[in-house]
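Written out below as structure tokens is the structure these notes cover.
The values are calculated or read from the model by the stated rules, or taken from the named source; none is laboratory data. None of these values were measured; they are calculated from a predicted model. Using ideal geometry, Cβ is built from the backbone for each residue, glycine included, and neighbour counts are taken over all protein chains shown. The protein model used for the area step is the full one, side chains on, heavy atoms only, and it has no ligands, DNA or RNA in it. Shrake-Rupley method; radii C 1.70, N 1.55, O 1.52, S 1.80 Å.
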Amino acid sequence: MSAPEVTTTIQTLIKQESLPDSYADTVKKTILPLAQHIHSLRQARSEPIIIGIHGAQGTGKSTLTLFLRELLSTHYRIPTANFSLDDLYLTRAEREQLAREVHPLFITRGVPGTHDIALGQQVIEQLKAAGPESEIPIPAFDKSRDDRCLQEQWPVFRGRAQVILVEGWCIGAVPAASEEELMTPVNELEQAEDPEGLWRRYVNQCLKGEYCGFFDQLDSLIMLRAPSMECVLQWRTLQEHKLRERSVSAPEQGNKSGESAQPSRIMSDEEVVRFIMHYERITRASLAEMPARADCLINVGEDHSFSEPLIRQRQ
């Protein structure tokens, strides 16, 4: 792995993602040591490894994942696949059904219970068992339409992955310790729209169930720790602004059967505030307890700067 080649890869990705030139310092300080750590983990195992990347909205999980994938694939020669929990969201129709049958708040994507965890597990098993010529479709979700993309639009991973990166806002989250803990609302949304705690209890049961099993298979948990819940709201609002800009500049496309495109579901700033309230309980709990148990902790500054990774060896 030559230094000039690494530098070229970094500069190419920075330009592709419209990042400031200073992000190259972040790569050298934070991401390259992390890539080396993952490389060492893979060398110590006889089978593919699964790396979980946790971080609240706007912390930079997707960008970190992209750089790790490219560095591992290109320079360490380790075939690396990735997907996001966001890409496992239930379809709009499935969430509408969940909202009717369980609680109206489940129409909003995000919390445990609104993902197709079985689909995520299937993808992991396929990636681990694949042969050199295998083609594995990776699920994709269109946030501007608030619905899963058609399968023919999913990206395809070719070959057998040796590292699988799974990123998401609630990756590695743990359920509340007691029912009593759930009953005190953390915000206006919980107080006004879930006064009996039905939605909260269902979310917690999901965390205890299939989500727990999904997270237990992680070989390493990386946490991007946001400085505060207020920063999370600010960053998530900025994400929606960027999504709106991209949507405005993109052509309207219908599907292959000639139907018109779905209406955009991009949120206003007020809607983002309400949206974040769905995530607040688990985000606050993770910020409080996860730093002590994450295998790798990266502190994120208010200016989005990354600290050097604090890496712990599992016993």
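Given only helices, namely DSSP H runs of n ≥ 4 each adding -39500 (n - 2.57), what is the per-residue ellipticity at 222 nm of the chain, to the nearest 500 deg cm²/dmol?
Helix contribution divided over all residues of the chain: -13500 deg cm²/dmol.
Within the chain, what percent of beta bridges assigned by DSSP are antiparallel, to the nearest 5?
Percent antiparallel among DSSP bridges in the chain is about 30.
Work the Kirkwood hydrodynamic radius out for the chain: mean of 1/r over every pair of different alpha-carbon atoms, inverted, in Å.
Working: mean 1/r = 0.0486 Å⁻¹.
Kirkwood hydrodynamic radius for the chain: 20.6 Å.
Please check the chain for the longest run free of GluC sites (Glu not before Pro) that are loop-located per DSSP (anything but H, G, I, E, B) and have at most 11 other Cβ atoms within 10 Å.
1-132
What lysines could a cross-link reach from Lys208, if we take a straight Cα to Cα line under 30 Å and drop same-chain neighbours fewer than 8 places away?
Here the lysines satisfying the reach criterion relative to Lys208 are Lys61, Lys128, Lys143.
Quote the charge dipole size of the chain about the Cα centre in Debye, to the nearest 20; the model charges only the Cβ of Lys and Arg (+1) and of Asp and Glu (-1).
Computed charge dipole of the chain: roughly 920 debye.
Expressed as a whole percentage, what fraction of the accessible surface of the chain belongs to carbon and sulfur atoms when a 1.4 Å probe is rolled over the protein heavy atoms?
Values: 7520 of 15310 Å².
The C+S portion of the solvent-accessible surface of the chain is 49 percent.
In debye to the nearest 20, how big a dipole does segment 1-62 give about its Cα centre with +1 on each Lys and Arg Cβ and -1 on each Asp and Glu Cβ?
Dipole of segment 1-62, to the nearest 20 debye: 160 debye.
Please list Arg236, Arg201, Arg281 in order of solvent-accessible area, largest first, computed with a 1.4 Å probe with all protein chains present.
My answer, sorted largest first, is Arg201, Arg281, Arg236.
So how tilted is helix 198-208 from the main axis of the chain? Cα-based, degrees 0 to 90, rounded to 10.
Approximately 30 degrees, to the nearest 10.
How far is helix 229-249 tilted off the main Cα axis of the chain, in degrees rounded to 10, range 0 to 90?
The two axes meet at around 80 degrees.
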